[in-house]
1. Residue 195 is checked against (1) at pLDDT below 95; (2) surrounded by fewer than 21 Cβ atoms within 10 Å (Cβ to Cβ); (3) out of contact with any helix residue (DSSP H, G or I) (no Cβ under 6 Å at 6 or more places or on another chain); (4) within 27 Å of residue 257 (Cβ to Cβ) and fails just one. What number does that condition carry?
2. Mind counting the residues in segment 107-120 that are free of Cβ contacts under 8 Å to residues at least 24 places away in the same chain and out of contact with any helix residue (DSSP H, G or I) (no Cβ under 7 Å at 6 or more places or on another chain)?
3. Just to check your reading of the model, which residue among 118, 110, 87, 72 is buried (at least 19 other Cβ atoms within 10 Å of the Cβ), modelled with pLDDT under 60 and not assigned by TED's automatic domain parsing to the domain that holds residue 246?
4. Looking only at segment 269-291, which residues are closer than 15 Å to residue 236 by Cα and surrounded by fewer than 15 Cβ atoms within 10 Å (Cβ to Cβ)?
5. Based on this model, can you work out whether residue 261 counts as in contact (Cβ under 8 Å) with a residue 40 or more places away in the chain, in contact with a strand residue (DSSP E or B) (Cβ under 9 Å, 6 or more places away or on another chain), surrounded by 17 or more Cβ atoms within 10 Å (Cβ to Cβ) and closer than 17 Å to residue 307 by Cα?
6. Report whether or not residue 151 is under 25 Å from residue 288 (Cα atoms) and at pLDDT below 95.
7. Against the definition (surrounded by fewer than 18 Cβ atoms within 10 Å (Cβ to Cβ), modelled with pLDDT of 90 or more and within 19 Å of the chain's Cα centre (by Cα)), how does residue 188 come out, yes or no?
8. With respect to residue 307, determine if the residue is surrounded by fewer than 21 Cβ atoms within 10 Å (Cβ to Cβ) and more than 21 Å from residue 128 (Cα to Cα).
């Protein structure tokens, strides 16, 4: 069985998605994360999911959720949730963690490392690590021979020397103090952006973020995720529409958006700029049909990017 846990993003079991999303992340990470065997009571689950104002059906929803998770994890007897009175405990015998996009934060000391706890850890070398396209597999010694044999000659072709050299450079950069500062700034920026969007009237799912991403419900501003994505694209801000937990809208027009900060943090932006971006987004999304408001927002984006040029 392969279990993936991607920070506040998702959890899957053998590539089958487990019903998580947004506010459920805290409860799931408590069970699936780096603290295996940590007891989680239904009351704590309810508090983590809905805070102090749970819906009347909260207890039933939690019960069904735990049953679904237990069924998914119990496949092949590798992992299971054992009911003990009113507490639920997760037991994991073997674990694989796909740390794509989180490896940058791990390398910079801004996110817990799964390496001491997982049998296998995979991650890409592009995107987050800012290196060439590729990936790496870390594993315990007992699995090394089987993985090596599966990779070569079964899957991997001839080596691309310049690509290998590029990975070496990226890994060397990841060991530097500057990279550590970048990783911590990425998380700091994400938290500031999430807080700023909340101040603009949007609802940050799960109440915040501990990584580089945030999932945001834009319905309080009277728009859906599809409209928000289009408006932000018009004014020069790249993000994507995204469904939220129990989303009443279809995937094509979801209720939320997903925002991330790595690119902004790479340019040197910090918390003040994140608050400015949140303000720009709030002004534009409150008036999605107002051409004047979008022109003003586009100008603010232009001023911001000129202060932090891509190639100074």
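The values are calculated or read from the model by the stated rules, or taken from the named source; none is laboratory data. What you see is a predicted model, and the numbers here were worked out from it, not measured in a lab. Counting neighbours? That spans all protein chains shown, and the Cβs are built from the backbone with ideal geometry, glycine included.
1. (1)
2. Adding up the residues that qualify gives 3.
3. On inspection, the qualifying residue turns out to be 72.
4. Result: 291, single match.
5. For residue 261, the condition - in contact (Cβ under 8 Å) with a residue 40 or more places away in the chain, in contact with a strand residue (DSSP E or B) (Cβ under 9 Å, 6 or more places away or on another chain), surrounded by 17 or more Cβ atoms within 10 Å (Cβ to Cβ) and closer than 17 Å to residue 307 by Cα - is met.
6. no
7. So residue 188 passes the test.
8. For residue 307, the condition - surrounded by fewer than 21 Cβ atoms within 10 Å (Cβ to Cβ) and more than 21 Å from residue 128 (Cα to Cα) - is met.
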